[in-house]
Amino acid sequence: MKHILPLFVLLSTLLSFSQNANARLLLGNDMPNTGMFIKSEFNGDSSITSAGVEMMVKQNYSNFGVVFTSAIGAAVIDNKQGEQEEFITWDNGMKLGYFNDFFIYAELGLDLFELAFKNDRGDNTYQIEKSNNDIDGYVGIGAGYHFKPFKIEVFTRARQIDGDYWEAQEHIYSGVQLSFTF
């Protein structure tokens, strides 16, 4: 039962990407973009580096829309105890904004890896009752330029990152993303 939500999210994400591909075949190139990207975000010695896919949903002839993203990454985060935590992320989110050659957006998302696998993030040595491991998430803003077929964007995110027995030292991360759209 605990894996139903992550499975539902994964299947709905895959379905939306396949539906977009089918719609592009039927309706031509006026349909929204899909793409692949790499991104890196950081604050001091903490960093998250990811690769993923994105799909834009918007009406033809409108510059306002939503971009759905899914990315697998590796994180190295400084905690409040002065140690580094290393773990895998599976960020899934959406960006709402104005998308033209120049674009600007607000975004939000969750780390579904932690939700799907109850990731203890290095806390396996403790055998006491779990205390404080909320599902990690983020909100942010970003802007970029789309020089087809590439996009470059910069962003800033407020992230909630923790484990059962630790919390990230920093919560604001800035980064850059490079995408290839098709």
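The values are calculated or read from the model by the stated rules, or taken from the named source; none is laboratory data. The model shown is predicted, which means the values in this text are computed figures rather than measured ones. Cβ coordinates were reconstructed from backbone atoms using ideal geometry, including for glycine residues, and neighbour counts include every protein chain displayed. Ligands, DNA and RNA are excluded from the accessible area calculation, which covers all protein heavy atoms including side chains. Shrake-Rupley method; radii C 1.70, N 1.55, O 1.52, S 1.80 Å.
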**Message:** Give the average over all directions of the projected area of the C-alpha convex hull of the range 53-107, one decimal, in nm².
**Reply:** 5.0 nm²
**Asked** Using a 1.4 angstrom probe and counting only protein chains, how large is the accessible area of Val139 in Å², to 10?
**Response** 80 Å²
**Fill in**
Using a 1.4 Å probe on heavy atoms of the protein chains only, the accessible area for Ser174 in Å², nearest 10, reads 40 Å²
**Request:** Excluding residues on the same chain fewer than 8 positions from Lys39, give the aspartates and glutamates whose Cα lies under 14 Å from its Cα.
**Result:** Glu54, Asp91, Glu153
**Request:** Kindly sort Lys58, Lys148 by accessible area of their heavy atoms, largest first, with the probe set to 1.4 Å.
**Result:** Lys148, Lys58
**Request:** Mind giving me the nanometre distance, one decimal, between the label points for Lys80 and Thr49, set 7 Å out from Cα along Cα→Cβ?
**Result:** 2.9 nm
**Asked** Under a 5 Å amide H to amide H cut-off, with H placed in plane at 1.01 Å, what residues pair with Ser46 once short-range neighbours are removed?
**Response** Asp78
**Request:** Taking the Cα centre of the range 31-111 as origin, work out the dipole magnitude from +1 charges on Lys and Arg Cβ and -1 charges on Asp and Glu Cβ, in debye rounded to 20.
**Result:** 460 debye
